[in-house]
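Single-structure report; data block below.
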Amino acid sequence: YAIQALESCWMTANQIEAARIAMTRKIRRGGKIWIRVFPDKSYTKKPAETRMGSGKGAPEGWVAVVKPGRILFEMKGVNEELAKEAMRLAQHKLPIATRFISRKDQEMANVPSAQAVAAAEAEVSETTTETASEE
């Protein structure tokens, strides 16, 4: 099970930690959590009421650059209902829209439907008959 970002943002270390704590408290001792984002970009800020110029401000904190489709957190070792609830609590701590995904959903998305397979086979047979008639 995982949380996937649907928007882009700069996610601070505090936001990542708040989401981690929310998930950990919900699942208690069961399961394992992976944090797939790391705040490795520093950002700076100048002090309040400072005149323009005189260089760049001091480092203020660290952020993780998140783009749409990025997996933020993963979890295993718990049932789907508990994972959904824990991830829902974590999603409320994050500044962007996210969605809950599972490996089962991903496998179902990769399996082509019967209609898609039939359409692909029909397309292949049409191209082979056209090629044969040209020769």
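The values are calculated or read from the model by the stated rules, or taken from the named source; none is laboratory data. A quick note: this is a predicted structure, and the numbers were derived from the prediction, not measured. With ideal geometry, Cβ positions are generated from the backbone for all residues, glycine too; neighbour counts draw on all protein chains shown.
Within the stretch 34-51, is even one residue touching a residue at least 60 places away in the same chain (Cβ under 8 Å) and under 12 Å from ILE3 (Cβ atoms)?
Within the stretch 34-51, the first condition is being touching a residue at least 60 places away in the same chain (Cβ under 8 Å), and the residues that meet it are none.
For the stretch 34-51, residues touching a residue at least 60 places away in the same chain (Cβ under 8 Å) and under 12 Å from ILE3 (Cβ atoms): absent.
Report whether or not TYR43 is of a type in the set (Phe, Trp, Tyr), touching an Asp or Glu at 6+ places or on another chain (Cβ under 9 Å) and surrounded by 15 or more Cβ atoms within 10 Å (Cβ to Cβ).
Details: of a type in the set (Phe, Trp, Tyr): yes; touching an Asp or Glu at 6+ places or on another chain (Cβ under 9 Å): yes; surrounded by 15 or more Cβ atoms within 10 Å (Cβ to Cβ): no.
For TYR43, the condition - of a type in the set (Phe, Trp, Tyr), touching an Asp or Glu at 6+ places or on another chain (Cβ under 9 Å) and surrounded by 15 or more Cβ atoms within 10 Å (Cβ to Cβ) - is not met.
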One residue is enough: does the stretch 106-121 have a residue meeting the conditions at pLDDT 90 or above and within 21 Å of the chain's Cα centre (by Cα)?
no
Which of the residues belonging to the stretch 66-76 are surrounded by 12 or more Cβ atoms within 10 Å (Cβ to Cβ) and assigned to a loop (DSSP other than H, G, I, E, B)?
PRO68, ARG70
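Matching residues to (1) of a type in the set (S, T, N, Q); (2) farther than 18 Å from ALA97 by Cα; (3) at pLDDT below 90:
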| residue | (1), (2), (3) |
| --- | --- |
| TYR1 | no, no, no |
| MET11 | no, no, no |
| ASN14 | yes, no, no |
| ILE21 | no, yes, no |
| GLY31 | no, yes, yes |
| VAL37 | no, no, no |
| THR50 | yes, yes, yes |
| TRP62 | no, yes, no |
Which condition from (1) closer than 22 Å to ALA13 by Cα; (2) at pLDDT below 90 is the one that GLN91 breaks?
(2)
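Among GLY61, GLY30, which is the only one that is surrounded by fewer than 15 Cβ atoms within 10 Å (Cβ to Cβ), in contact with a helix residue (DSSP H, G or I) (Cβ under 8 Å, 6 or more places away or on another chain) and assigned to a loop (DSSP other than H, G, I, E, B)?
Details: GLY61 fails: assigned to a loop (DSSP other than H, G, I, E, B).
Result: GLY30 is the single residue among GLY61, GLY30 that is surrounded by fewer than 15 Cβ atoms within 10 Å (Cβ to Cβ), in contact with a helix residue (DSSP H, G or I) (Cβ under 8 Å, 6 or more places away or on another chain) and assigned to a loop (DSSP other than H, G, I, E, B).
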